[in-house]
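Here's the structure we're looking at; comments come further down.
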Amino acid sequence: MKVSPVLIVLVCSMLGGLTACEKTPEATHVAEPLAIKWFEGSVQEGFDLAISEQKPVYLYWGAVWCPPCQEIKHTVFKSKQFIAQTDLFVPIYLDGDTERAQAWGDKFGVKGYPTMIIFNPDGLEVTRIPGGIDIARYNSVLALSLDQMRPTSMLVKLALDQPDKLLAADFVQLAYYSWGQDAGSLPEGTPPTFFRDLAGMSPDKEAAARLYMVYLVALAEETSEAAQESVEAKSTGAFVRLDAIVSSPELTIASWDTLAYYAEEIITLPIFSSEEAAQLKTKWQEQMLAQRNQAVLSTAEQVAGWLPYLNFFFLEDKTASLPDETLVQLRQDLQRADEATSNAFARQSVVSQLNYVYQSAQLFDDARALLLAELDKSESPYYFMSSLAGLAEKQENTVDALQWRKRAYESAVGAATRFQWGANYVRALIRLTPDDQTLIVGTSMKLFDDLGAEQEIFAGRNFRILRSLNSQLSQWQQEITDDNIVQAFTVRLKAMCEHQTQQSLEKENCESLYNLQSDATI
């Protein structure tokens with residue numbers, strides 16, 4: 001029987017690490033540190049190599065400033081098992097600030113950083129793996145995906161038409177798919193119950209738990225309460241399923257990424273009675289706090305164990321005060337995480353999480369002190385300047401909020417990054433000083449110069465940011481009742497649009513903003 005090399009790697013890891021399968025115990029020299037050998041050519045050249053060598057592709061799309069990206073880099077990408085598996089595929093690292101990165105982002109349908117996609121040797125997408133899961137599960141899901149190469153889109157079709165054809169590994173792949181970043185694999189109109197039904201069929205308990213949590217998140221995103229209630233009548237059904245998850249340490253760890261970050265949205269669903277919600281809150285809080293120091297969780301994810309407790313505590317009364325003993329324990333935990341993280345890049349993820357938890361606990365002074373101290377340590381301080389701006393705005397300190405937004409924009413590095421930070425500054429100006437017309441229009445015009453290449457503005461995240469900014473400028477112009485105030489912005493954008501290649505995605509995107517056959521302005 002032929003044994004897959006992917007499964008060999010996975011089995012070796014389960015037996016006690018890669019050394020369990022090594023054949024050279026006599027070697028005594030000190031090996032070089034293991035590192036991923038990212039493909040050094042262009043994205044297209046990487047896919048061409050994959051075809052010629054019949055290898056799958058692992059595509060990582062990220063940015064230096066992005067905290068979840070740094071989380072992946074300092075957990076998954078440092079894993080010996082993951083590094084060993086990279087010999088089985090072509091690893092491509094695409095930074096969002098590199099030339100044409102945003103166009104590739106459009107091609108792959110990616111939106112947020114980080115996005116990790118597996119393609120088969122012919123360039124067909126197989127699956128997308130989310131961040132926020134522990135390293136062992138990440139590597140296991142990657143190994144299974146590489147081994148069977150069954151596209152998620154195909155698994156969804158099977159689940160809808162022939163669910164009996166799904167394999168046990170298929171449920172795991174579906175459970176660990178990054179649905180939050182891409183729902184394109186689901187046919188339009190697929191109801192949340194799709195995931196509930198999959199959870200009921202899965203032979204794998206952890207996959208079933210994750211699929212049920214995806215169902216609850218999808219249900220929470222329904223726009224109307226009537227739609228939510230029509231999916232599942234108030235009964236013990238949902239309560240029993242969620243109670244089983246938060247009562248189990250194993251299932252809690254497996255579902256950590258949803259339990260930590262969607263607690264409030266899920267607990268307020270009308271499918272739970274008030275009594276059921278109260279019971280769930282208590283178990284949810286206690287289990288997450290009990291498991292938060294598990295070694296399988298990264299430092300940032302350990303800190304996230306506090307979030308359900310804090311969200312539930314302030315759910316009814318935002319002005320409530322945490323008990324003194326809780327404050328002491330919380331501050332000790334967060335300070336310990338801060339002191340334990342020395343690497344500047346790893347701190348991007350950890351400090352971002354600490355700031356989020358401090359603010360969730362209404363400890364705004366602690367959050368500000370943390371962020372200010374980080375500015376001299378961080379490789380991307382503009383990210384934390386934006387956090388300081390957001391904190392100042394939350395506390396209605398307009399002057400500080402705009403100063404931090406401006407500093408963040410001026411110090412941001414990378415074309416796409418500067419465009420995003422500049423757009424954030426313009427939005428803040430519109431919100432906080434809408435009468436400063438000269439500064440708003442002047443800064444908006446400067447964004448074009450920062451981006452450089454004309455085509456880059458109409459692709460990927462850049463275009464989505466531009467579209468949002470365009471909408472806000474349009475609304476602002478209407479509110480100040482001056483039809484000419486942003487004319488220069490309009491003229492510049494139309495001129496750039498005219499230079500785009502006919503029938504290109506960039507041309508299509510820019511024409512969706514402007515009808516160049518008319519004199520319409522935004």
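Rule-based calculations on the coordinates, nothing more; no lab input. Every value quoted in this text rests on a predicted model; they were computed, and no experiment measured them. Backbone-built Cβ (ideal geometry, glycine too); neighbour counts: all protein chains shown.
Of note:
- Packing-based order for 344-351, 135-142, using average beta carbon neighbours within 10 Å, highest first: 344-351, 135-142
- Both radii are taken from the alpha-carbon atoms of the chain; with Rh as the Kirkwood radius, Rg/Rh is 0.97.
- Karplus-based coupling profile of segment 199-204, in residue order and whole Hz: 4, x, 9, 5, x, 9, with θ = phi - 60° in 6.51 cos²θ - 1.76 cosθ + 1.60 and x standing for Gly or Pro.
- Contour minus Cα-Cα distance for residue 475 and residue 335 (0.36 nm per residue): 46.0 nm
- Cα centroid separation, segment 40-61 to segment 153-193 (Å): 26
- Only Lys, Arg (+1) and Asp, Glu (-1) charged, at Cβ; the chain dipole about Cα centre in debye: 720
- Over all directions, the projected convex hull of the C-alpha atoms in segment 354-396 averages 2.7 nm² in area.
- Within straight-line cross-link reach of residue 406, lysines at Cα separation under 16 Å, skipping those fewer than 8 residues along the same chain: 446
- Rg over Rh for segment 68-203 works out to 0.96, both radii taken from alpha-carbon positions and Rh defined as the Kirkwood radius.
- ³J(HN,Hα) computed for each position of segment 351-368 - Karplus, 6.51 cos²θ - 1.76 cosθ + 1.60, integer Hz, glycine/proline x: 5, 4, 5, 4, 4, 4, 5, 4, 5, 5, 8, 6, 9, 6, 5, 4, 4, 5
- The peptide list 461-467, 289-295, put in order of mean Cβ contacts within 10 Å with the highest first, becomes 461-467, 289-295.
- Percentage relative contact order, the chain, counting C-alpha pairs under 8 Å, at least six apart: 11
- Pairs with C-alpha atoms separated by more than 24 Å, drawn from the list 111/283; 78/107; 55/80, are 111/283; 78/107.
- Each residue of segment 400-407 is assigned a 3J(HN,Hα), and the resulting list reads 5, 4, 6, 5, 5, 4, 5, 4 Hz, derived from the Karplus form 6.51 cos²θ - 1.76 cosθ + 1.60 (θ = phi - 60°), x at Gly and Pro.
- In range of the label at residue 240: residues from segment 263-304 whose backbone nitrogen is under 16 Å from the point 7 Å along Cα→Cβ: 272-273, 276
- Contact order, relative form, for segment 190-320: 23 percent (alpha carbon pairs under 8 Å, 6 or more residues apart, mean separation divided by residue count).
- Förster radius 25 Å - calculated FRET efficiency between residue 124 and residue 45, Cβ distance, rounded to 0.05: 0.85
- Modelled this way, with points 7 Å down the Cα-to-C-beta line, the labels at residue 247 and residue 157 are 4.1 nm from one another.
- Counting only the Cα atoms, segment 190-320 fills a convex hull of 111 Å³ per residue.
- With the highest mean first, a sort of the peptides 115-123, 252-260, 273-281 on other beta-carbon atoms found within 10 angstrom per residue produces 252-260, 115-123, 273-281.
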